[in-house]
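*Asks:* Right, I'll just put the structure down here and ask away after.
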Amino acid sequence: MSDIYETNNSMKGTYLGEFEEVVLLAVAIRTGDAYGATIVLEIEQQMGRTVSLGSVHTALHRLQEKGLVKSEFGGATGERGGRSKRLYLATSLGRRSLEEIRQIRNQMWDTIPKIAWS
Amino acid sequence: MKQAKRDHPTPPAWATAILRMFCSAYLIDEFEDDLNQLFHERVRSVGIRRARWRYIEDVFSLLRPLLLRTKSSNSRNPSHIDMLRNYIKIAFRNLFKNSTYSAINIFGLSIGMTTAILVGLWVWDEISYNKYHGHYDRIPRVMQHQTYNGVTNTTIATPLPMRAALQNEHGSDFTYIVSSSWTRDYILAFGDKKLSRKGNCVEPDFPLMMSLKMLRGTAANFANPTSALLSESVAKALFGSEDPLNKIIRIDNKRHFKVVGVYEDLPYSTELREVTILLPWKFFLEEEPWVKRSETNWGNNSFLLLVQIAPNTDFAQINSKIRSIKARHAKEEARFDPQAFLHPMSKWHLYSEWENGLPVRGRIQYVWLFGLIGAFVLLLACINFMNLATARSQKRAKEVGVRKVVGSVRSQLIAQFFSESILIASIAAICALFLVQILLPFFNQIADKQIVFPWDSGKSWLLGLGFTVFTGLLAGSYPALYLSGFRPVKALRGTFQTGRFAALPRQALVVVQFTVSVTLVIGTVVVLRQIRHAKDRPVGFDRAGLVSVAINTTELQDHSRALLHELRQTGLALNAGKSSSPTSEVWSSDASFSWPGKDPDQLGDLGTVGVTHGYGQTVGWQLKQGRDFSNGFSTDNLGMVINESAARFMGLKNAVGTKIAWNNEQYTIIGVIGDVITGSPFMPIQPTVFMLKEDWASFIHIRLNPALGSRQALTRLESIFKRYNPGSPFEYRFASQEYALKFSTEERIGTLSTLFSSLAIFISCLGLLGLALYFAEQRQKEIGIRKVLGASVGTLWQMLSKDFLILVGIACLVAIPVAFTAMRHWLEQYTYRTDLSWWIFVVTILGALVVTILTVSVQAVKASLQNPVKILRDH
């Protein structure tokens, strides 16, 4: 399975795996409430497939290294006994790469000849 | 509750445990939160069994290297390092916030440390004396105890046949046996260059035994009786950059020697450091007829005997063997009960005094004394730190309370205060190192040392580090244990009470400080008084403008009469004469004098000095009875002038005219002079006789004409001496300089103890100043209110100073008996000694009280003068 896309010439060297893309999307969806558990739930809910917490954290870690997400300590909630927790946020760079991927895909969609579907 | 727990589904605990085991601490919280949330979510959606299963899967999915390895940039769980960083930050804030106290602390501590380091270097130098020699622990010198008139004397001088006896009877116990002459001046000449340097005549094994480092040539060639070894500095002075090897030098203007080797200068901290030339023993034997004659004479104790013991034996074994060697060989000497023993090199420097056959005192007492003082001065500085820290504890009580409430355990607080004190100690140590570097030259001068700070030795740095940490722990111990014990609730509520006895330890420490300081001051005053006392002792001759020149060549010996004549003729000298000993020494003695009424058991042991006509006038001795030697009486060749001690020793009331038998001749006492101080000015004066013996003369004494300036007189003196004694450089000594040297040891102690006791007082006062400063600040409000109610400045000053004065008073009371006992003990070693007058104690105590009042008053008065309105409004 080739799940590596080169996003753009201008971002040479920044690869986004398919799973990373999904996690990044989930972080964006859950903005303000994105952390390990919610991301897992989001992906499971949206994609209907099971993902492990470990793979999510690994992906988050890589995304953070690439500068596509950042993390900060969020406010305490009653749910967690008053402890503050680490929340992930998509950076503008992350947002741009998502958009670029989407644009490439659209572009590719658009270039599919009608004939292909017959 | 239990019911609810059972209904409440829980994830498998073992999986959580595994996670906790492997996961880094700061990630656990985050992961666990995630896992728990997912678990509960899944219990709801897919049931408990599946939820548990997924939980386990997730735990294992988290155990991947990437996640376990990662380090947090913003961790939430502080480690020890983080806490330490925090402690140091707080410590620095405290330092800057209370800059006065900090300055007092650091300044006091660094002075204490400087003292401790200097004393430590001094002690180290003292105990590592002579260690330059490779066989340091195997080399002793042979010494003897002998008993005369019921008194056992101990001497390093041995008879020459002892060497042969040791070789023949116990040869297998010794690796080397080496006889040596005493160290004396030799004139070295090479070409036009003439130098006077000290050296010994030694046997060929000496360089090997002493492990001299040969820089040029070999020690093996030294066996030749016309060879000489030079130390590096002498070779450089004589030959400059030329190669000294195989050069022929002339010694004492008569004999020639070939330089066969150059050895590295012996370091300053060796007993033999003055030995800069080595000449062959055989030369000594041939040159001096009396030495040759002594080879079979057990009665002439005139030689140094060094040995190196064989590997398979020890000092005690050999001591028991050689003990009675002299009595065995020389029956006539047995009545003195001579006992030979080995004195190891490791003890030469520190244990060198005997009394009645037992080792007493010696320099080791000063090593202990100064070591103790150094430790005390450091302790005083540490006490300052403790006192200021505990006094200010109230201010920090809140901090301790907050820390405890937030979750600090006691050990963390102890760690905090220790890291604070170690930080201060480190800053002080850095200051101390600078101070040591600056002060070391002065200290070397005062202490007569050539100590170099061992900057390049790792061991010394390690020691320094340990020392700093130790000081920090010592200084911080009390505050750390005391402050960390506060009850947080009380401390925070502000009802924190120090209690009636809380100040007690602090007061005790102040008392300790002043006890030590006052004791040191009393000790110093006594030492200085003792020196003064001995200096005020009548010397018995006139030192002003009196110059001595050693008769060091045969030419000078032969022409000395003409020289003396010329000196008097030209008016350069008022008087001039010759003698066999320096003016304030007696170099020889003889035990075979007898006089009418002498107890047959008494040994007629008198110091003997040979003089010429005019000697008495030259040195200006004071006649008490009879007359001086005179050219008018030819019978004076068998006349004697004795000193008062000798008259007392012989029990003669009217000494003049008494016949004395000596050397098979009858001498007549013609005069008695007042005692001249010879030997130590602290000791009784040796009974001495003076006889007309021109052939004994080894010194020329000249009373310079005071009408000439001394510079001019010396230049003229030099030209005359150069003419009569061309083979020697002109070297002279003023009698006053020679005499002053007798005080050098005591004066050195006086200077050092003055230094140390002033430091002790200074540090103690610094501590008082800090405390006074603090209390004045703390009681500001009280002072304000008292002033408003009408208290005068005087009353307030009294209120603030009284406590301190009481403490210092107690300290003085403790110090008196301590100082009295110690100083009486110290004075006992001197026969001629000052008394411990009561005024010394009174003056010292008054001094201590005055210094206290001055120190405290500055703060007290300042506090009392403040405007109460301002204080009361501000607070």
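A short reminder: the numbers here are calculations on the coordinates, not readings from a lab. All values reported here derive from a predicted model rather than from experimental measurement. Every residue, glycine as well, gets a Cβ built from its backbone with ideal geometry; the counts of neighbours run over all protein chains shown.
*Asks:* In whole Å, what is the distance between the alpha-carbon centres of segment B:588-623 and segment B:314-364?
*Replies:* 29 Å
*Asks:* Which value at 222 nm does chain B reach when only helices count, each DSSP H run of 4 or more adding -39,500 (n - 2.57), with the total divided by all residues and rounded to the nearest 500 deg cm²/dmol? List each step's numbers first, then the result.
*Replies:* Numbers: 31 runs with 465 residues, N = 875.
So the helix-based figure for chain B works out to -17500 deg cm²/dmol.
*Asks:* I'd like to know which of B:667, B:275, B:860 lies farthest towards the positive end of the charge dipole of chain B, counting +1 on Cβ of Lys and Arg and -1 on Cβ of Asp and Glu.
*Replies:* Towards the positive end, the residue furthest out is B:860.
*Asks:* From the cross-link list B:213/B:282; B:282/B:535; B:404/B:787, which pairs have alpha carbons spaced over 32 Å apart?
*Replies:* On the way: B:213/B:282 23 Å; B:282/B:535 44 Å; B:404/B:787 39 Å.
Correct reply: B:282/B:535; B:404/B:787.
*Asks:* Quick one, can you get me the convex hull of the C-alpha atoms of chain B expressed as volume per residue in Å³? Write out the running numbers ahead of the final one.
*Replies:* On the way: hull volume 249.0 nm³, N = 875.
Normalising the Cα hull of chain B by residue number yields 285 Å³.
*Asks:* In segment B:348-443, with Lys and Arg counted as +1 and Asp and Glu as -1 at Cβ, which of these residues, B:378, B:401, B:440, has the Cα nearest the positive end of the dipole, that is, farthest along it?
*Replies:* Value: B:401.
*Asks:* Then there's this: Take the alpha carbon gyration tensor of segment B:53-201, find the square roots of its eigenvalues, order them as a ≥ b ≥ c, and report rounded if a/c is under 1.5; if not, report prolate when a/b exceeds b/c, else oblate.
*Replies:* Details: a/c = 3.49, a/b = 2.43, b/c = 1.44.
The shape class here is prolate.
*Asks:* With +1 assigned to the C-beta of every Lys and Arg and -1 to the C-beta of every Asp and Glu, and no other charges, what is the dipole magnitude of the protein assembly as shown about the Cα centre in debye, to the nearest 20?
*Replies:* 3940 debye
*Asks:* Can you list the lysines whose alpha carbon is less than 16 Å from that of residue B:659, not counting same-chain residues fewer than 8 positions off?
*Replies:* Straight-distance partners of residue B:659: B:598.
*Asks:* Short version: what are the Cα gyration tensor semi-axes of segment B:624-752, square root of 5 times each eigenvalue, largest first, in whole Å? Spell out each step's value before the answer.
*Replies:* Numbers: eigenvalues 205, 116, 36 Å².
Calculated on Cα positions only, the semi-axes equal 32, 24, 13 Å.
*Asks:* Quick one: plug the Kirkwood hydrodynamic radius of segment B:344-447 (C-alpha pairs) into Stokes-Einstein at 25 °C, 0.890 mPa s, and report D in µm²/s. Numbers along the way, then the final one.
*Replies:* Details: Rh = 18.2 Å.
Value of D from the Cα-based Kirkwood radius: 135 µm²/s.
*Asks:* What is the magnitude of the charge dipole of segment B:274-418 about its Cα centre, with +1 placed on the Cβ of each Lys and Arg, -1 on the Cβ of each Asp and Glu, and no other charges, expressed in debye to the nearest 20?
*Replies:* Working: 19 positive and 12 negative charges, 275 e Å.
Dipole magnitude for segment B:274-418 comes out near 1320 debye.
*Asks:* Along the positive direction of the dipole of chain B (beta-carbon charges: Lys, Arg +1; Asp, Glu -1; about the Cα centre), which of B:53, B:220, B:94 reaches farthest?
*Replies:* Looking along the dipole axis, the top candidate is B:53.
*Asks:* Sort out for me the Cα centre separation of segment B:401-423 from segment B:702-749, rounded to whole Å.
*Replies:* 69 Å
*Asks:* Could you list the square roots of 5 times each eigenvalue of the Cα gyration tensor of the protein assembly as shown, that is, the equivalent ellipsoid semi-axes, sorted largest first and rounded to whole Å? Present the calculation step by step, with values, prior to reporting the outcome.
*Replies:* Values: eigenvalues 1527, 326, 142 Å².
They are 87, 40, 27 Å, listed from largest to smallest.
*Asks:* Shifting gears a bit: Magnitude of the Cβ-charge dipole of segment B:282-342, K/R +1 and D/E -1, about the Cα centre, nearest 20 debye?
*Replies:* 240 debye
*Asks:* Could you pull out every one of the aspartates and glutamates with an alpha carbon less than 18 Å from that of residue B:347, ignoring same-chain neighbours closer than 8 positions?
*Replies:* Reachable aspartates and glutamates: B:125, B:126, B:137, B:271, B:314, B:355.
*Asks:* Something else now. Count charges around residue B:663 for me, please; just the other residues with Cβ under 15 Å from its Cβ, Lys/Arg as +1, Asp/Glu as -1.
*Replies:* Working: positive: B:659, B:693; negative: B:590, B:605, B:665, B:695.
After counting each charged neighbour, the total is -2.
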